[in-house]
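Asks: I am attaching a structure below and will ask some questions about it afterwards.
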Amino acid sequence: MIPHLTPRRERWLLLTLAGIQFTHILDFMIMMPLGPQFTALFGISNAQFGLLVSAYTLSAGLSGLMAATYIDRFSRKQLLLTMYTLFGLATLACGLAPDYFWLMAARIAAGLFGGVLSALAQTIVADVIPFERRGRAMSVVMTSFSVSTVAGVPLGLFLAAHFNWHAPFFGIALLVGLLAWGAWQTLPRLDAHLHHPERVNVWRGIGQVLAEPNHLKAFGVSGLMMFASFTVIPYITIYLQSNAGMQTDEVPWVYLCGGLTTLLTARYFGRLTDRVGKVKVFQRLALAVTLPLMATTLSQGLPLWGLLLISTSFFAMMSGRMIPGMAMISSSVEPRLRGTFMTLNSAVQSASMGLAALVGGLIIGRDAQGHLTLYWVAGLLGVLASGLSAWLAGRLRLQGAPA
């Protein structure tokens, strides 16, 4: 049966999941502001840097597809702790990597183990938290993005500036060890799905997930939602420094301001999601994010305060739409198939991020002065994807929603 947690245990559960998400997201995000260092140190092109970013997300997508065959066969807690520990070891390997080749290999390993973590965290929230409070619960877990940008990325950049690029990965690996111990202490058993009376064979469950048109629509929304952002996000720091003239010591302000704003607005978006409706709030934010998304690619020549205003709006809207988006997507499947569904959804998201970063890297070029070119075309693709996700979201059917 589903565990009935006291408010205090529920709070600890959500904070633990948020901590795990924090390190997982930070491990991915820290690559992007380090882009200028990697391109200079390894002598690589934008497309090669995009491949370095995509290596993580594409391997995470592959991991999600493989995990769909076993995720519902184990206790959520047991599987989460195992994959999280292996993810920590892979992150440590990133810090020990001596060159581009070994860093690429370590990023692939980190993606293989980390690709399941988001799906597991979101599945646990959907398993334990009732439908009517799921938006607020998801907002607690999703604040991990805000905390990673407001604290994690600036701290990682500080370590990279005062030591070297290896240092942030050592710090993340250490934090993973501490959080893994905390999760072992605080998480309940989380094995109700193993005793579900209508539990089905793994392959039959995958077949049932893929045969349902509503699930395919949800995967479409999820993939478009991630594609919209990651045509632009991996190259923000490179653009701000090469085109907009931002200094290296000013870059942390982009993540500090963006993360702090999303941290303050996440709970508001969570309450709004439960009060107004998951689909309606998602559609509004998916359309609203297109303005700062496009402005990000056309901000050359603006003063620092203008650059920060645009980037902060972009981060806040991008993070905000994830709250109703994931609450909506996790509610589009019945509980007995949720683990398989969310794992496949994580694979779709990872593949979409990797594809978007690759497409962005192929579109964006450099002129003779080293400035990025055609960045706005990558932004236009993101705008189109976000608009399509809003349209498709209106055709979803949610489990547990009032008629």
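The values are calculated or read from the model by the stated rules, or taken from the named source; none is laboratory data. Note that the structure is a prediction, hence the values are computed from the model and not measured. Cβ: placed from backbone, ideal geometry, glycine included. Neighbour counts: every protein chain shown. Accessible surface areas use protein heavy atoms only, side chains included; no ligands, DNA or RNA. Shrake-Rupley method; radii C 1.70, N 1.55, O 1.52, S 1.80 Å.
Asks: Given only helices, namely DSSP H runs of n ≥ 4 each adding -39500 (n - 2.57), what is the per-residue ellipticity at 222 nm of the chain, to the nearest 500 deg cm²/dmol?
Replies: Here the helix-only value at 222 nm equals -24500 deg cm²/dmol.
Asks: OK, next. Note down the net charge around M83, summing +1 for each Lys or Arg and -1 for each Asp or Glu among other residues with Cβ under 12 Å from its Cβ.
Replies: Residues close to M83 contribute a combined charge of +2.
Asks: Something else now. Roughly what percent of Cα-Cα pairs across the range 244-322 reach past 15 Å?
Replies: More than 15 Å apart: 57 percent of the Cα pairs in the range 244-322.
Asks: A follow-up question, please. Just from the alpha-carbon atoms, what are the Rg and Dmax of the chain in angstroms?
Replies: Calculated on Cα positions, Rg and Dmax stand at 19.9, 65 Å.
Asks: Here is a further query. Report ³J(HN,Hα) in whole Hz for each residue of the range 208-225, in order, from the Karplus equation J = 6.51 cos²θ - 1.76 cosθ + 1.60 where θ = phi - 60°; Gly and Pro get x.
Replies: 5, 5, 6, 7, 8, x, 5, 5, 5, 5, 5, 4, x, 4, 4, x, 5, 4
Asks: Now for a different question. Find out how many positive minus negative residues lie around A183, taking Lys and Arg as positive, Asp and Glu as negative, among other residues whose Cβ is under 12 Å from that of A183.
Replies: +2
Asks: Another question, then. Using a 1.4 angstrom probe, figure out how much accessible area the chain has per residue, in square angstrom, rounded to the nearest whole.
Replies: Working: 16060 Å² over 403 residues.
Solvent-accessible surface per residue comes out at 40 Å².
Asks: Amide H neighbours of R366 under 5 Å, counting only residues 5+ apart in sequence or on other chains, H built in-plane at 1.01 Å?
Replies: Distant-sequence amide H within range of R366: T373.
Asks: Net charge within 14 Å of A218 by Cβ-Cβ distance, Lys/Arg positive one each and Asp/Glu negative one each, not counting A218 itself? Don't jump to the answer; show the numbers that get you there.
Replies: Details: positive: K217, K278, R338, R395, R397; negative: E212, E334.
Result for the local shell: +3.
Asks: Same structure again: Provide the packing ranking of 34-45, 335-346, i.e. peptides ordered by the mean count of other C-beta atoms within 10 Å per residue, highest first.
Replies: Output ranking for 34-45, 335-346: 335-346, 34-45.
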